[in-house]
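Beneath this line is the structure, given in structure tokens, with notes to follow.
The values are calculated or read from the model by the stated rules, or taken from the named source; none is laboratory data. Please read these numbers as outputs of a predicted model, since none were measured by experiment. With ideal geometry, Cβ positions are generated from the backbone for all residues, glycine too; neighbour counts draw on all protein chains shown.
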Amino acid sequence: MGFFKRTFKFLMSRLFIVSLLLLAQLGLLIYIVWRISSGGIYYYLLINFLSVITALSIINREFNPAYKISWIIFVLIIPFAGVLFYLLFGRAKIGRKRRKLLYQKHNTASLLLKNEDKVLDEIEDELIKRTSQYITNTTGASIYKNTQTTFFSSGEELFVVLLEKLRSAEKFIFLEYFIIESGKMWNSIFDILKEKVNSGVEVRLMYDDFGCINRITRKMKKEIENAGIKVVNFNPFRPRLSTFLNYRDHHKLAIIDGNVAFTGGINIADEYINAKRMFGYWEDSGIMVEGDAVWTFTVAFLEMWHLEKDEEVDFEKYRPTLLCQHDGYVQPFTDGPLTPHLVTENTYLNIINNAKKYVYITTPYLIIDNEMATALKNAAMSGVDVRIVTPGIPDKKLVFIVTQSYYKELLLHGVKIYQYIPGFLHSKSIVSDGEVGVVGTANFDYRSLYLHYENSCYMYKSQAVRDLAKYYEKILDNSKQITFVDYKNIPLWKKILAFFLRAVSPLM
């Protein structure tokens, strides 16, 4: 009976119905292709001509070569259908109204985030200054002092402090997450949110519609709204073939009174605090930012809210009021699919290229482009200790097969690869030389670096960076270093599958 109930529930779910309608549209496209291709030699020549023209236009576009290659293969192997798929999913094309809104959003952010304190002039390291200036020039986000950072080496640690800070809220609470699911973690947070709304605190909740499609039901959303919480489901998953299906809100933010912000890899679901075991022990990390730098996160949240709701927002009433002592330099920033620069990837690249002694990385997915692979290999061949930790138990088996396919070329150039033995490693971080690091939401893969909205925190000589460096000792103690023997022992069928998957990995 349980099986039939689960099956019926799935068949009636919005995910299944929307997916079915999308498949119907794909089926219609395939039928059109078949009808056209069976029309004779002239139609055949026309289809191939269109495929070649599309391939040439892809070559002349300004985006990553690996992304180009994947689309060119697809377009040429499956003529016409590949062209249609590219037109639907391969171009970051937006409507005039949304483009205008994005332009206004960027201008507003640049003005609001401008820091008049000339903090950057205090930093003596020119390489750090250049990376910070790059982030400012591409995102508008400034670097701050008068900010304190706290690093959390597990979801359980972060959860305890998050609840404490939520209880202390007096003005507003902003929550923005890719995944929210009913359970111990959400129920504890929701109880506090209801109390705060009743005491006059403004509470806003934004979640990614696809990330929560099987988690936040209509009933659950209605319950949240009835509690007086303002709710936005970002980029609703609709039965319409469009590029925007790919653009997900991968942010993970909790902002309290504009003075405290939490971010990192931790969503609001029980697996992130190990109240539910799915893939062994769930290893994750995050940070708490207090003080001036929280302003960037607050503006980022309100911008995303404005992008979806298109309502006027009085930013000024959400400015931070907490005075913090100087604890290094902190620069939160955001990145997205419609920005002209790959800010997150280029920030990672700058850290790797500027490293003097070591670079340590944790990521659940390692699907990298040529630029990232070259930077990692060059750093290792230059004597920098480069270490990358990936999961021991994956959550997505196909993605893990692709991740393992990068091991050989990296090992050959001196990069050290580790797998976290107790379970699934979801932590997204990079630290170099004990002085500079990034903690945020972005994985080392195409989806995070090219397609998702992400948020990160670039830090220099802050407490969180020092603790992040110590965190790797804990991680490495529970990880196995991968050798060439381990790579050779990967089953042949996985290597063959990876051979084909690598060709389309930027589209995964």
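Every condition in (1) buried (at least 17 other Cβ atoms within 10 Å of the Cβ); (2) not in a helix (DSSP H, G or I) holds for residue 228 except the one numbered (1). Against the numbered list (1) without any contact (Cβ under 8 Å) to a residue 24 or more places away in the chain; (2) closer than 29 Å to residue 424 by Cα, residue 200 comes up short only at (2). Summed over the stretch 200-223, the residues that are over 30 Å from residue 168 (Cβ atoms) and among the aromatic types (Phe, Trp, Tyr) give a count of 1. The number of residues in the stretch 269-287 being outside any strand (DSSP E or B), in contact with a strand residue (DSSP E or B) (Cβ under 6 Å, 6 or more places away or on another chain) and over 16 Å from residue 157 (Cβ atoms) comes to 1.
Among the residues of the stretch 67-107, the ones that are assigned to a helix (DSSP H, G or I) and at pLDDT 70 or above come to 18 in all.
Of the residues contained in the stretch 239-251, one or more are found to be buried (at least 16 other Cβ atoms within 10 Å of the Cβ), modelled with pLDDT of 90 or more and part of a loop (DSSP other than H, G, I, E, B). List every residue pair whose Cβ atoms lie under 9 Å apart, where the two residues are 6 or more positions apart in sequence or sit on different chains, the first residue falls within the stretch 163-184 and is more than 21 Å from residue 304 (Cβ to Cβ), and the second residue, located anywhere, is among the hydroxyl-bearing types (Ser, Thr, Tyr). Within 9 Å, the pairs are 163/188; 170/199; 182/217. The residue of the stretch 154-203 that is nearest to residue 440 (Cα to Cα), among those that are in contact with a Leu (Cβ under 9 Å, 6 or more places away or on another chain) and among the hydroxyl-bearing types (Ser, Thr, Tyr), is 177.
Scanning the stretch 154-175 for residues that are outside any helix (DSSP H, G or I) and within 23 Å of the chain's Cα centre (by Cα) returns 154, 173, 174, 175. Would you mind stating whether residue 290 is at pLDDT 95 or above, of a type outside the set (S, T, N, Q) and in the same structural domain as residue 263 (by TED's automatic domain parsing)? Judged against the criteria, residue 290 is a match. Which of (1) of a type in the set (A, V, I, L, M, F, W, C); (2) more than 27 Å from residue 132 (Cβ to Cβ); (3) in contact (Cβ under 8 Å) with a residue 60 or more places away in the chain is the odd one out, the single condition residue 431 does not satisfy? Unmet for residue 431, out of (1) of a type in the set (A, V, I, L, M, F, W, C); (2) more than 27 Å from residue 132 (Cβ to Cβ); (3) in contact (Cβ under 8 Å) with a residue 60 or more places away in the chain: (2).
Among residues of the stretch 151-202 being more than 27 Å from residue 235 (Cβ to Cβ) and of a type in the set (S, T, N, Q), the one that is surrounded by the most Cβ atoms within 10 Å (Cβ to Cβ) is 154. Among helices (runs of 4 or more DSSP H) entirely within the stretch 340-433, having at least 1 residues that are surrounded by 22 or more Cβ atoms within 10 Å (Cβ to Cβ) and in the same structural domain as residue 477 (by TED's automatic domain parsing) singles out 343-354, 370-381, 397-405.
Restricting attention to the stretch 205-238, the residues that are at pLDDT 90 or above, out of contact with any helix residue (DSSP H, G or I) (no Cβ under 7 Å at 6 or more places or on another chain) and not aromatic (Phe, Trp, Tyr) add up to 16.
Applying the criterion of being hydroxyl-bearing (Ser, Thr, Tyr) and more than 26 Å from the chain's Cα centre (by Cα) to the residues of the stretch 466-508, the residue that is farthest from residue 69 (Cα to Cα) is 483. Which of the residues that make up the stretch 176-209 are part of a strand (DSSP E or B) and in contact with a His (Cβ under 6 Å, 6 or more places away or on another chain)? 176, the sole residue that qualifies.
Which members of the stretch 304-338 meet the condition of being at pLDDT below 85 and outside the structural domain of residue 144 (by TED's automatic domain parsing)? Residues satisfying the conditions are 337, 338. Residue 465 - would you say it is assigned to a helix (DSSP H, G or I), within 22 Å of residue 385 (Cβ to Cβ) and either of a type in the set (Gly, Ala, Ser) or touching a residue at least 24 places away in the same chain (Cβ under 8 Å) (or both)? In short, yes.
Table: residues versus (1) in contact with a Pro (Cβ under 8 Å, 6 or more places away or on another chain); (2) in contact (Cβ under 8 Å) with a residue 12 or more places away in the chain; (3) closer than 26 Å to residue 190 by Cα; (4) not hydroxyl-bearing (Ser, Thr, Tyr).
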| site | (1), (2), (3), (4) |
| --- | --- |
| 262 | no, yes, yes, yes |
| 267 | no, yes, yes, yes |
| 270 | no, yes, yes, yes |
| 276 | no, yes, yes, yes |
| 290 | no, yes, yes, yes |
| 295 | yes, yes, yes, yes |
| 321 | no, yes, yes, no |
| 353 | no, yes, no, yes |
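Could you list all residues from the stretch 396-413 that are within 22 Å of residue 345 (Cβ to Cβ) and free of Cβ contacts under 8 Å to residues at least 40 places away in the same chain? Scanning the stretch 396-413 gives 396, 400, 403, 409, 410, 413. Of the residues that make up the stretch 24-39, is at least one part of a loop (DSSP other than H, G, I, E, B), more than 26 Å from the chain's Cα centre (by Cα) and at pLDDT below 75? Checked the stretch 24-39: at least one residue is part of a loop (DSSP other than H, G, I, E, B), more than 26 Å from the chain's Cα centre (by Cα) and at pLDDT below 75.
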